[in-house]
């Protein structure tokens, strides 16, 4: 089982996670391999979730107020 790298890029982790899902959807995967892929997938899923949380915290929208001054406000969905 490949261990996710701490500095792995989000896009790479997501691509690997998609590959794992595809592999697990096949009927040809032995139980032991399915469990190993599931464990790797859980770690990658957490890594992706953590990276998205970090990005969300960093996103700030610059807005000008009525006086024309720039102020930062948190990004809202």
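List of remarks:
- Efficiency of FRET from Cβ geometry, residue 56 and residue 35, R₀ 35 Å, rounded to 0.05: 0.65
- Rounded to the nearest 0.05, the FRET efficiency derived from the C-beta distance between residue 46 and residue 26 at R0 = 30 Å is 0.80.
Every number here is computed from the coordinates shown, using simple stated rules; none is lab data. Keep in mind that this is a model prediction, so the values were computed, not measured. Positions of Cβ are backbone-derived with ideal geometry, glycine not excepted, and every protein chain shown enters the neighbour counts.
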